[in-house]
Every structure is written in structure tokens, then in C-alpha cells.
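Notes for the one structure printed next.
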Amino acid sequence: MSVAQTQTTSRIAQLGEALARCEAGFDAQAFEIVRQFAQASRELPGSGEPRISTGSDEQGMSIAEVSQETVNRCVWVLLMRGQVEDAFSCAWQNHARCDALNASPDIRALTARTLGAMYTELGDGVHALETLVAALKTATESKLVLRQVQVWNSLGLLFCMYGDNVEARACFMRATGFFGDPALPHTETLPAWMNLAVLSFRTRAYEEGMQFTAMCDGLSPQGPGVLGKWRNARVVVARAKLLLASERVADAHKDFATLQSLAEGLEADDPLMGDVLQLEGLLAIFDGHADAGAQKLAQALQLCRYSSRVREELIDACVWAFEKANRWDLAASFLKQAVDEKARGSHVAFALRIASIADWRNYSARGDETSRVVLGGERSAQEKLHRLNEILLEQEYLERLSVTTELRDDATGGHCYRVGRVAARLGREIGLDRITCDTLEVAGRLHDIGK
């Protein structure tokens with residue numbers, strides 16, 4: 001073995017060790033190795049073999065020299081720490097390597113599912129759906145039970161993002177339908193059961209949600225891993241919310257004690273601490289301390305940066321709790337903060353979905369200032385909400401047209417997507433407003449609709 005090959009082998013082992021340390025619990029030095037690997041591959045997309053330095057010398061390591069399974073682990077570690085764009089870059093390049101490496105159906109389904117999940121995090125529903133459907137087709141044709149469960153769960157999360165609770169529930173139920181399959185460890189259905197419990201709170205089906213959390217209790221992983229802790233914490237939070245909805249506040253306090261024990265020894269900015277602050281804030285509201293609870297929930301919102309889905313679950317629960325406490329002023333303030341926070345990101349549609357929560361809560365019918373504060377402008381809140389629904393419907397039509405164009409074949413889909421992105425970026429460079437740039441992007445994605 002040459003010196004270069006020995007160095008490469010050593011760096012691959014170093015990356016593997018860093019991933020193991022990150023998966024066991026947050027390790028700043030280990031995470032820096034993973035982050036550098038991701039950023040180097042992001043800086044040189046499609047230009048051969050991007051190289052990084054892991055600290056031993058200047059030559060670095062090629063992304064092509066790392067197994068696809070290892071890169072896939074990098075994606076989820078990056079996502080858990082809020083590095084969404086780096087995670088997407090790794091996921092995209094990893095899936096693009098499948099043909100060159102003649103990857104197995106299992107790897108193709110794995111990388112496609114991960115890429116689809118990253119598209120969902122970035123708010124790109126069209127490409128998320130396209131990629132996840134391709135992953136499901138591969139997994140089904142090859143009878144890959146684990147991958148089918150994972151893809152159905154990811155599809156459910158995609159539908160949740162667009163507020164389609166019926167389709168989301170159907171997807172999660174398909175995933176849990178594999179429970180008991182001899183080829184599948186029982187714990188692999190845990191995320192789907194957990195998401196059903198969360199969805200039950202969202203749809204106010206509290207009794208059914210408690211049944212789902214009971215299933216989660218029997219499947220929760222036991223061990224020190226960060227993913228296991230995170231999943232356990234998500235189950236505890238889901239159950240506590242359902243308990244609060246059933247006015248079982250004392251039992252919810254017991255769950256909070258459990259959550260605190262799970263978070264013991266974690267850094268203050270660890271994503272799991274967002275769940276702790278969320279539940280602490282909700283309990284404060286139910287204990288009659290709404291203002292103190294609002295402060296905790298504002299801190300939780302800051303820590304939920306690693307997942308747009310978790311942020312939306314937090315916002316829904318917080319507005320619901322403020323409604324219960326009859327504190328519409330705090331609800332308005334919290335919604336406005338949520339819109340302002342996300343408006344600095346790339347997920348433009350998030351603000352519209354937040355405003356539709358205001359519509360769902362029927363604030364405008366109360367004759368107070370809440371809708372005006374959230375939505376702004378001079379027109380009445382009712383008129384704004386009516387126009388908002390029209391905009392959401394128009395967006396749905398455009399998304400469907402985009403799917404028609406981009407699913408025709410891979411080459412056309414990729415071309416249209418790139419034309420839209422380049423057109424929007426050029427618009428921003430010459431100073432066009434955001435609405436015009438968004439229109440350019442849509443027009444670019446639809447320019448081949450007649451083919």
C-alpha cells in the first residue's frame with residue numbers, strides 16, 4: 001500500500017470515528033471534522049473529487065473515497081446540528097454517485113430517501129416528492145422492507161409540511177403496517193408511530209394519540225446514542241402535550257422530569273434542549289404563568305433550527321396553549337417572531353403557513369388586533385386571510401404544473417429546475433424585488449411545459 005493510500009485509509013477511519021462520537025453525543029472537535037468534509041464537497045460541486053484537510057496534512061480526502069453509507073451518516077449528523085445546506089449538499093452528491101458506483105438497490109433507495117428528506121427540509125416539495133417516489137419504487141421492486149418503512153415515513157412528513165393531514169396519516173400508517181415483519185426490527189417503525197402521535201395532537205385526536213405514544217413506549221431505543229435520546233425525547237414531548245390537552249397537568253409534569261433526565265449533561269445549544277424549553281414553557285402557561293412560559297417558548301424557537309417540521313410543531317402547540325390561556329397578545333407576538341425568524345431563511349412559504357394557522361384559530365372573528373399584528377398591512381385581517389387562501393391555492397396549481405414538467409424525464413426536470421434558479425438569482429443580482437424573483441423562478445420551471 002502506497003503512502004497516499006495509507007493516508008486516505010487513516011482519514012476515512014478518522015471520519016468514521018468522528019461520526020461515531022457525534023452519534024453518541026455532541027462532540028465539538030468531532031463535529032468540526034464532519035462539517036469540514038461537508039463544506040469542501042459543497043464548495044466544488046460536480047468538479048471532480050473535492051478534497052478536504054482533516055488536520056494531518058494539506059492533501060485532504062476525496063468524497064469519492066468515502067462509502068455512501070458513511071456519507072449518509074454525515075447528512076443526518078449535520079442536520080441534527082442545524083447545518084441543513086451542508087447536509088443537502090452531501091445528500092445530493094451521495095445520490096448522484098449511485099450510477100458511477102453501480103450502487104445496489106438498497107443504497108439507491110437509502111440515498112434517494114435521504115435526499116428527498118433534505119428537499120423537504122428546504123421546502124422544495126416538487127423535488128422531494130419526485131425523489132421519494134423514486135426511492136419507494138426502488139425499495140418496493142427490490143422488496144426492501146426497511147427502506148419502504150423509511151420512505152413512507154418521509155412521505156408522511158412531506159405531506160405534513162403542506163398541511164395534508166389525511167395523506168400524511170395514510171403514509172405513516174403504511175409505514176407502521178410493516179410492524180411485525182420478520183425481516184424488520186420492531187424499533188424501525190418507531191419514527192412512524194411517533195409521527196402519528198404528533199399528528200394526533202395536530203388534528204386534536206387526543207385519545208388516539210395516547211394509543212400511539214403507548215406503542216412508542218414499547219419501541220423506544222435504550223442506549224446513550226444521541227438519536228435514541230432525541231427519539232425518546234420526541235415521544236415524551238408528544239405524550240406530555242396530549243396529557244395537557246386532556247387536562248392531566250400533573251402527569252405532564254412527570255414527563256417533564258423524564259425529559260430533564262434525558263437532557264442531563266447536554267450543551268445549552270443542543271437540539272434536545274429545545275424540547276426541554278418547549279415543554280417547560282407549555283407547563284408554565286398551564287400553571288398560570290403565561291408570560292414566563294412565553295419567554296421559554298421563544299428560547300425553544302431559537303433552538304429548533306435543525307428542523308422546519310419541529311419548528312412548525314412547536315408553533316402549533318404554542319398558539320394552542322396561548323389560546324387555552326386566553327392570551328391572544330402573546331399568541332400574536334409569538335407568531336410574528338416565528339415569521340420574522342424564518343423570513344431570514346430560504347423557506348418563503350413558511351410565513352404563509354404561519355398566517356394560515358392564524359386563520360385556523362379564527363383570530364379575525366374575535367375583533368382584536370391579533371391577525372393585524374401577524375399579517376400586517378392596511379386591509380382588514382379577514383380580507384388578508386381570504387387572499388392568503390387564494391395564494392396558497394395558486395401555489396398548489398403551480399406545483400402540480402411543475403411536477404408535470406419535471407417528472408417527464410430526468411433531463412428535462414433538471415434543466416427546468418436550473419433555469420428557474422438561475423433566473424431568480426439573476427433577478428436578485430440586478431435588484432429586482434422578491435415577488436418578481438419568485439415569479440421568474442416559477443416561469444423558468446414551467447418554460448418547457450409544452451414539450
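Shape class for the stretch 228-310: oblate, because the ratio a/c of the largest to smallest gyration tensor axis (alpha-carbon atoms, square roots of eigenvalues) is 1.5 or more and b/c is at least a/b. Its Cα gyration tensor gives the stretch 283-324 an equivalent ellipsoid, and the semi-axes of that ellipsoid, as √(5λ) in whole Å with the largest first, are 19, 11, 6. Here the mean projected area of the convex hull built on the C-alpha positions of the stretch 167-323 is 9.1 nm².
The packing ranking, built from the mean of other Cβ atoms within 10 Å per residue, places the peptides 81-92, 190-201 in the order 190-201, 81-92, highest first.
Taking packing as the residue-averaged number of other Cβ atoms within 10 angstrom, the listed peptides 267-279, 124-136 run from highest to lowest as 124-136, 267-279.
Each value in this text was obtained by applying a stated rule to the coordinates, not by laboratory testing. No experiment lies behind these values; they were computed from the predicted model shown. When we count neighbours, we look across all protein chains shown, and the Cβ atoms used for this are built from the backbone with ideal geometry, even at glycine.
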